[in-house]
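Written below as structure tokens is the structure these notes are about.
The values are calculated or read from the model by the stated rules, or taken from the named source; none is laboratory data. The model shown is predicted, which means the values in this text are computed figures rather than measured ones. All Cβ positions, glycine included, derive from the backbone under ideal geometry; neighbour counts span all protein chains shown. Side chains included, ligands, DNA and RNA excluded: accessible areas come from the protein's heavy atoms. Shrake-Rupley method; radii C 1.70, N 1.55, O 1.52, S 1.80 Å.
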Amino acid sequence: MASVTPETLAQNVLAAARTAMEESGLDTGVLPETTSVERPRNRDHGDYASNLALQVAKRVGKAPRQLAELIASQLRETDGVVEVDIAGPGFLNIRLDAGSTGVLAGQIVAAGDAYGNNDSLVGQRLNLEFVSANPVGPVHIGSVRWAAVGDALARVLRASGAQVGTEYYFNDAGVQIDHFAASLLAAARREPAPADGYVGAYITELADQVVKDHPGVLDTPDAVKVFRVEGIGLMFAEIRESLSRFGVHFDVFFNEKDLHDRGELDTAVSRLRGQGHVYEHEGATWLRTSDFGDDKDRVLRKSDGQWTYFAADCAYYLDKRNRGFDKVVIMLGADHHGYIGRMKAMASCFGDDPDTNLEILIGQLVNLVRDGQPVRMSKRAGNFVTLDDLVDAIGADAGRYALARYSSDSTIDLDLDLWTKAGNENPVYYVQYAHSRVSSLLRNAAELKLDKGEEYDASLLSHPRETDLLKQLAQLPQVVATAAELREPHRVARYAEDLAGTYHRFYEACRVLPRGDDRLSDVGAARLWLVEATRIVLANALNLLGVSAPEKM
């Protein structure tokens, strides 16, 4: 028996509508390419509901209830469908056979780690750039949010069939690097930081390490160059180590300096000039971005011959496109709204469609709170909270979950006290505890030598709490597909919490293991399959967020 998932049921509803309308001489061209079904809040209304008749009835000159009845008559003949009622103005309330629902548990167990994967984005090749902090200090809390969200987004995109390359862009060229090198040299000499320089204990630490690695460097005329090269290298290594500790790994770490060294800025300007959008004015080289909606034209090269940051942005975009990526996705901080117009205009200047080839996501701020008060300062960084500070305070799992749990377009007040609590009010603990509770039950079954067998009677999973749990398990592939399409991995976190709650209610209502020396009943065996399926789905959801699924807590 095949399982009836929300996706297959939606396809069946659409197929029933098409057949019913064809037999009645109605125009099937008004039907959408896809439809969906929803879970009614009231269980008495059935397992799933569809409003397809309401959507198209007017366009074919039928009353919604009349069209709904035509669809229902066809849908009632579908395998796995027990009953279809018409409610209100024309809703289809659908009840499924217990066996067609219960078989899903076995399919999840068979799929294992792959359950939740879907093909909604097959054929798309995306370059996903996130974090991309300047290499002049540790990763700060604003960038940390994108580390968690970006990595989770990459996971759901891949789970939806997209080819994804993750990338971190080091801005290791330009004036800020000069200020960084000068700050390191001043710290090594125990002098005040220069104007526009960088301060904090980390600057002194890096400076002292350079001196340790290069004795006598302070007495050389090229000292600032040494501090520039070695300081950047040390900062790079520290940033990568911090990200790794957070469980975030990139396919590519790309250096801006390489664009300059390889002449890619000249290549990009030549390409843009060939498109007819570059001009010279007062000794500078400009890109006519205002032709494509930007508020003003942008300078590519200043009159003194210095490249602008925007020129490097152009070269970097072109480099990604030349590497075969269909779409460039860039995740930026809350202060970068102004970049959207110029970047989309830049893509147009290259001859691309900015709605197809470029996507810019803007994340909002994160405010840390402890004991009801803002956490503002890092002992090491001096004027900001770092990634390492967050991991030290609440751990990588809680940090990742907390930052990925909310829509990225909303500001987060992250309560450090809440995210360290071992209680149900802590969302990550709530979900991880559910997984450990499931794992504990399965361990107990193994210790008692209770074997669920090679197969089970799916029709026995008919208790309302079992049905609720199966319906929740069935949602994961669509949740992942929606999270990928909308770039909203927080949907996976909220799904995991709902699943944890559904499992806890099932566990309280449905005994799985036998009492005493009783044998494992057929119902108990079926429930062991359901529990194993739940463990897999909880683990898969947590993995999509980059969070561990502990077997014991």
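In region 480-489, is there at least one residue being without any contact (Cβ under 8 Å) to a residue 40 or more places away in the chain and either open to solvent by 50 Å² or more (accessible area, probe 1.4 Å) or not basic (K, R) (or both)?
yes
Is it true that G501 is surrounded by fewer than 20 Cβ atoms within 10 Å (Cβ to Cβ) and on the phi > 0 side of the Ramachandran plot?
Numbers: surrounded by fewer than 20 Cβ atoms within 10 Å (Cβ to Cβ): yes; on the phi > 0 side of the Ramachandran plot: no.
No: the conditions fail for G501.
Regarding R487, is this residue within 26 Å of I360 (Cβ to Cβ) and basic (K, R)?
Details: within 26 Å of I360 (Cβ to Cβ): yes; basic (K, R): yes.
Against the criterion (within 26 Å of I360 (Cβ to Cβ) and basic (K, R)), R487 qualifies.
Sort out which residues of region 521-553 are aliphatic (A, V, I, L, M) and not in a helix (DSSP H, G or I), and write them in order of number. Give the derivation first.
Of region 521-553, the ones aliphatic (A, V, I, L, M) are 523, 525-526, 528, 530-531, 533, 536-539, 541-542, 544-545, 547, 549, 553.
Passing the criteria: L545, V547, A549, M553.
Here is a check on your reading of the model: is R145 open to solvent by less than 20 Å² (accessible area, probe 1.4 Å), touching a Leu at 6+ places or on another chain (Cβ under 9 Å), within 26 Å of D389 (Cα to Cα) and among the basic types (K, R)? Walk me through how you get there before you give the answer.
Numbers: open to solvent by less than 20 Å² (accessible area, probe 1.4 Å): yes; touching a Leu at 6+ places or on another chain (Cβ under 9 Å): yes; within 26 Å of D389 (Cα to Cα): yes; among the basic types (K, R): yes.
Yes: the conditions hold for R145.
Run down V385, V328 and say which single residue is modelled with pLDDT of 95 or more, among the β-branched types (V, I, T), within 29 Å of E238 (Cα to Cα) and touching a helix residue (DSSP H, G or I) at 6+ places or on another chain (Cβ under 6 Å).
Working: V385 fails: modelled with pLDDT of 95 or more.
Residue meeting the stated conditions: V328.
Among G99, G46, G80, which is surrounded by 15 or more Cβ atoms within 10 Å (Cβ to Cβ) and either within 33 Å of the chain's Cα centre (by Cα) or among the polar types (S, T, N, Q) (or both)? Don't jump to the end; show me each part of the working.
Values: G99 fails: either within 33 Å of the chain's Cα centre (by Cα) or among the polar types (S, T, N, Q) (or both); G80 fails: either within 33 Å of the chain's Cα centre (by Cα) or among the polar types (S, T, N, Q) (or both).
Selected residue: G46, the only one of G99, G46, G80 that is surrounded by 15 or more Cβ atoms within 10 Å (Cβ to Cβ) and either within 33 Å of the chain's Cα centre (by Cα) or among the polar types (S, T, N, Q) (or both).
With respect to G102, determine if the residue is in a loop (DSSP other than H, G, I, E, B), in contact (Cβ under 8 Å) with a residue 12 or more places away in the chain, over 26 Å from T19 (Cα atoms) and not hydrophobic (A, V, I, L, M, F, W, C).
Values: in a loop (DSSP other than H, G, I, E, B): no; in contact (Cβ under 8 Å) with a residue 12 or more places away in the chain: yes; over 26 Å from T19 (Cα atoms): yes; not hydrophobic (A, V, I, L, M, F, W, C): yes.
Criteria not met by G102.
When region 330-379 is examined, which residues are found to be assigned to a loop (DSSP other than H, G, I, E, B), of a type outside the set (A, V, I, L, M) and open to solvent by 30 Å² or more (accessible area, probe 1.4 Å)?
Restricting attention to region 330-379, the residues satisfying the condition of being assigned to a loop (DSSP other than H, G, I, E, B) are 333, 337-338, 350-353, 363-365, 371-372, 375-379.
In the following step, the residues that additionally are of a type outside the set (A, V, I, L, M) were identified as 333, 337-338, 350-353, 363-364, 371-372, 376, 378-379.
If the condition is that a residue be assigned to a loop (DSSP other than H, G, I, E, B), of a type outside the set (A, V, I, L, M) and open to solvent by 30 Å² or more (accessible area, probe 1.4 Å), then H337, G338, G351, D352, D353, Q364, D371, G372, R376, K379 are the ones that fit.
Tell me, which residue of region 140-161 that is outside any helix (DSSP H, G or I) and at pLDDT 90 or above is nearest to P374 (Cα to Cα)?
Selected residue: S160.
Between V122, V109, which is farther than 27 Å from R41 by Cα, open to solvent by 10 Å² or more (accessible area, probe 1.4 Å), modelled with pLDDT of 95 or more and more than 22 Å from the chain's Cα centre (by Cα)? Don't jump to the end; show me each part of the working.
Details: V122 fails: more than 22 Å from the chain's Cα centre (by Cα).
When all the criteria are applied, what remains is V109.
Yes or no, residue by residue, for (1) at pLDDT 95 or above; (2) buried (at least 16 other Cβ atoms within 10 Å of the Cβ); (3) among the charged types (D, E, K, R):
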| residue | (1), (2), (3) |
| --- | --- |
| A396 | yes, yes, no |
| G399 | yes, yes, no |
| R405 | yes, yes, yes |
| T411 | no, no, no |
| T420 | yes, no, no |
| V431 | yes, yes, no |
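Considering region 183-234 alone, what residues qualify as being of a type in the set (K, R) and either in contact with a helix residue (DSSP H, G or I) (Cβ under 6 Å, 6 or more places away or on another chain) or assigned to a helix (DSSP H, G or I) (or both)?
Taking region 183-234 and keeping what is of a type in the set (K, R), we get 189-190, 212, 225, 228.
Those that are of a type in the set (K, R) and either in contact with a helix residue (DSSP H, G or I) (Cβ under 6 Å, 6 or more places away or on another chain) or assigned to a helix (DSSP H, G or I) (or both): K212, K225, R228.
Mind telling me which of the residues L461, L476 ends up being crowded, with 20+ Cβ neighbours inside 10 Å and more than 30 Å from R400 (Cβ to Cβ)? Give the steps one after another, and end with the answer.
Values: L476 fails: more than 30 Å from R400 (Cβ to Cβ).
After ruling out the rest, the residue left standing is L461.
Does region 57-64 contain at least one residue that is closer than 27 Å to S120 by Cβ, β-branched (V, I, T) and open to solvent by less than 70 Å² (accessible area, probe 1.4 Å)?
No, region 57-64 has no match at all.
Where the second residue is part of a loop (DSSP other than H, G, I, E, B) and modelled with pLDDT under 95 and the first is more than 25 Å from K212 (Cα to Cα) and among the hydroxyl-bearing types (S, T, Y) and lies in region 164-186, which pairs have Cβ atoms under 6 Å and are six or more apart or on separate chains?
Y168/V131; Y168/S132; Y169/S132
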